[in-house]
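*Asks:* Shown below is the structure under consideration.
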Amino acid sequence: MVQLLPSALRLLLSSLLWSPDPEPTLIQSSALQFQLRHQHALTNTSTAVFADVPPSFIQETYRVSSRRLTSHRPYSQAAFQNARQRSIESVRMRALGQGNQTGMRTERMLWEDIEVLGPEVGERETVLTLAKMTNNAYMQPSDAQWYDLSSDWNASYPFGWEPDEDGFRGHVFVSTDNSTVVVSIKGTSASWIVGGGGPTTRKDKLNDNLLFSCCCARVGPTWWPVCDCYSGGYKCDLNCLEKSLVEDSLFYPVGINLYNNVSYMYPDATIWMTGHSLGGALASLVGSTFGAPVVAFEAPGEKMAARRLHLPSPPSTQHITHVYHTADPIAMGTCNGVSSTCAIAGYAMESRCHLGKVIKYDTVSKLNWGVDVRTHPIRVVIERLLAEDWEPAPKDGKEGDERGKGKQVPEPIEEEDCVDCFNWEYGEFKNVPSLGGCGW
């Protein structure tokens, strides 16, 4: 296991693991081939680490189709973080009664339009391959439930797989021509979900309850909240809540560090983000930060978390695609209330609004699935939804879409009229003069 913090080690890894092509290959092909090369993780000492996959595991290759898309990225990360800090400072100004001093004119000047090669999300096989990569973020290549893909992917770097590591975990896949890198982030490991459990459960739960609850996971009087911002009734102190999200132990900054490390190792590559559940939400937050294409599976709504983390909003988040189905109460934002399965297990999954576009499988109306948290695992998506086209073309060729070809996946759409935590009131209920005074 090698740490990617000192510059000397970064240069060493770059020289050993990356061989630059004579010319960048961005936006030159419509089909990409990937291999697993690295694993990545956060250790229990909050150190981001990489490890090479043993040569015996570098045998699967993954093929995906790509498309050109327009994205928006900050002109620099320094400008992005400065804009974020200005937004945080505006909370302090509000607490002092001086109003919000941050204007939108500066934020509009923060972004540049870029054209990148992203995944072809209208093709079922491409979505299926990314779903398999997402599934593989939960395990190592030697595990029986690891999905073999094809010979198109070169290798991967694993992260977070030492026995004492209890945090951010997944794999990094790299295309055979080094033009595209896919970072796959593991979601929540929980024993109450089929196939869950493991050493990352505690930190996964902390991130879930901080990012996706209305107010510090305050579900009922018997709950122990993850921050001290609840102010009675359905009132939550906004200053306190935003401070807790920005400063407490979250995976988001680890994802930023990981992205920076990967982009350093592959400076000419396009980086895609993918993940399931919590991993999908984190992939979206990182993708929004850097303008990287994202495909997230069964993720809880992360739009509220992006706002509370003070992430500057790009002109568009159409480079982010969420894939989920209507029988999953976590992705749909209905696994809440004191009697819900999530609450009984100690999770306050109350958000429902997503960034970008969604590919929503209506499994309740069309397939008569019952709403059940057991439909949440990524293997359900792989084996029950993506095994065949969503609307196959009829055999006589007379029906289907305008081309008579059916529909491989549902059309990506934008969520309309989506509101998070509508019954909560947010304000300065603790009457604190600054951002201090509230926390754990």
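Just so it is clear, none of the values below were taken in a lab; they were calculated from the coordinates. In this text, all values refer to a predicted model and were calculated from it rather than measured experimentally. Neighbour counts are summed over all protein chains in view; Cβ atoms, including those assigned to glycine, are modelled from backbone coordinates with ideal geometry.
*Asks:* Multiply the residue separation of Glu414 and Lys235 by 0.36 nm, subtract the distance between their alpha-carbon atoms, and state the gained length in nm to one decimal.
*Replies:* Working: separation 179, 0.36 × 179 = 64.44 nm, distance 2.96 nm.
Result: 61.5 nm gained on full extension.
*Asks:* Starting from the amide H of Gly170, placed 1.01 Å from N in the peptide plane, find each other amide H under 5 Å away whose residue is 5 or more places distant or on another chain.
*Replies:* His40, Phe159, Lys186
*Asks:* Would you mind putting 115-128, 334-347 in packing order, based on average other-beta-carbon counts within 10 Å, highest first?
*Replies:* On the way: 115-128: 19.6, 334-347: 17.5.
My ranking of the peptides, most packed first, is 115-128, 334-347.
*Asks:* Continuing with this model, one more query. Using 0.36 nm times the number of residues separating Glu425 and Val371, minus their current alpha carbon distance, what extension gain do you get? Provide the component values of the computation, followed by the final result.
*Replies:* Details: separation 54, 0.36 × 54 = 19.44 nm, distance 2.90 nm.
My answer for the length gained is 16.5 nm.
*Asks:* Below 11 angstrom from the Cβ of Val381, what's the summed charge of the other residues (Lys, Arg +1; Asp, Glu -1)? Walk me through the intermediate numbers first.
*Replies:* Details: positive: Lys132, Arg379, Arg384; negative: Glu298, Asp328, Glu383.
Charge balance in the 11 Å sphere: 0.
*Asks:* Let me ask something else about it. What is the Cα coordinate range of region 305-408 on the first, second and third principal axes, sorted by size from largest, in whole angstrom?
*Replies:* Result, largest extent first: 51, 37, 20 Å.
*Asks:* OK, next. Give me the extension gain from Gln85 to Ala387: residue separation times 0.36 nm, minus the current Cα-Cα distance, reported in nm with one decimal.
*Replies:* Numbers: separation 302, 0.36 × 302 = 108.72 nm, distance 4.51 nm.
Contour length minus the Cα-Cα distance gives 104.2 nm.
*Asks:* How large is the Rg to Rh ratio of region 180-283 when both quantities use alpha carbon positions and Rh follows Kirkwood? Each step should come with its number before you reach the end.
*Replies:* On the way: Rg = 16.3 Å, Rh = 15.4 Å.
Result: Rg/Rh = 1.06.
*Asks:* List, in order, the whole-Hz ³J(HN,Hα) value for each residue of region 256-271 obtained from phi through the Karplus relation with A = 6.51, B = -1.76, C = 1.60 and θ = phi - 60°; use x for Gly and Pro.
*Replies:* Taking θ as phi minus 60°, the curve returns 5, 4, 4, 4, 4, 5, 5, 5, 5, 6, 10, x, 9, 8, 8, 9 Hz for region 256-271.
*Asks:* Give me the net charge of Leu285's neighbourhood, meaning all other residues with Cβ under 13 Å from the Cβ of Leu285; Lys, Arg count +1, Asp, Glu -1.
*Replies:* Details: positive: Arg84, Lys303, Arg307, Arg308; negative: Glu302.
Around Leu285, the charge tally is +3.
*Asks:* Next question. Residues of region 338-362 with amide nitrogen under 13 Å from the 7 Å Cα-to-Cβ point of Arg307?
*Replies:* What the label zone holds, given the 13 Å backbone N cut-off, is 351-355.
*Asks:* Which stretch or stretches of region 337-360 have amide N atoms under 12 Å from the point lying 7 Å from Lys407's Cα along the Cα→Cβ direction?
*Replies:* 359-360
*Asks:* Ranked from highest to lowest mean number of other Cβ atoms within 10 Å per residue, what is the order of the peptides 218-228, 361-371? Display every interim value, and only then the final one.
*Replies:* Working: 218-228: 15.7, 361-371: 14.1.
Ranked from most to least packed, the peptides come out as 218-228, 361-371.
*Asks:* First measure r as the distance between the Cβ atoms of Gln77 and Asp113, then evaluate 1/(1 + (r/R0)^6) with R0 = 22 Å and state the FRET efficiency to the nearest 0.05.
*Replies:* Details: r = 17 Å, r/R0 = 0.79.
That gives a FRET efficiency of 0.80.
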